[in-house]
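Reading through the structure tokens given below for one structure.
The values are calculated or read from the model by the stated rules, or taken from the named source; none is laboratory data. Everything numeric here is computed off the predicted structure, so don't read it as measured data. We place every Cβ from the backbone using ideal geometry, glycine too, and count neighbours over all the protein chains shown. The area values use the complete protein model at the heavy-atom level, side chains included, leaving out ligands, DNA and RNA. Shrake-Rupley method; radii C 1.70, N 1.55, O 1.52, S 1.80 Å.
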Amino acid sequence: MLVPADPNVLHPMPGQPRVVLLRPLVKSPLIEVGAYSYYDDPEDPTAFETRNVLYHYGPEKLVIGKFCALGTGVRFIMNGANHRMDGPSTFPFPTMGGSWADHFDLLTELPNRGDTVVGNDVWFGHSTTVMPGVRIGNGAIIASGSVVTGDVPDYGIVGGNPARLIRTRYSDEDVTRLLAVAWWDWSAEHITAHVRTIMSGSIADLESAAPGTPHA
């Protein structure tokens, strides 16, 4: 009998407390994480919400899909980090208190790039930084040390500061086929039966394994 991995355990790897599944960890209503997405950190992976999601005062959300792999030091900079740039000083005087707080309206209409959205099956290398409002497509790979300032296409590989598209993992036609299959939306039981195809098979193999396909 095939048994899927449990998506609700905090530490999925025995003897490896540095790895946590994010969905059972996060409590903020401003963060949404899909099943099996994990974060790795030898210091304190359970502090992900405070150490890795920065300046998150709302209302924008951080949305992370299923089956994402986040290396140590991946950080999401949220819109709360923004400062005014239309005057002589960028310093946020009203946040410091005293009579300066009377001018808080100067900070309430700052540009907001909206939600930060990460697709499914995205691999983030060590110490990558994602800026506010970025959208990262399914199957993307973010190279270690990258600073992602703009959107990343499905199955794109990006790297650098600012991150640039290095190449795409598949042709446009094949990306369309992969998105149509959307293996990450299969049931855990069906995924369990086809792990080897998902990890090492061809696109045709994946299509043949899709639910509803004869002999899948």
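For this structure, a couple of remarks:
- Scanning region 56-111 for residues that are in contact (Cβ under 8 Å) with a residue 60 or more places away in the chain and either among the basic types (Lys, Arg) or over 30 Å from ARG18 (Cα atoms) (or both) turns up just one, LYS66.
- Pairs, first within 18 Å of SER200 (Cβ to Cβ) in region 177-188, second open to solvent by 60 Å² or more (accessible area, probe 1.4 Å) and in a helix (DSSP H, G or I), C-beta under 7 Å, six or more apart: ARG177/GLU207; VAL181/GLU207
- Breaking point among (1) surrounded by fewer than 17 Cβ atoms within 10 Å (Cβ to Cβ); (2) closer than 29 Å to TYR155 by Cα, for VAL74: (1)
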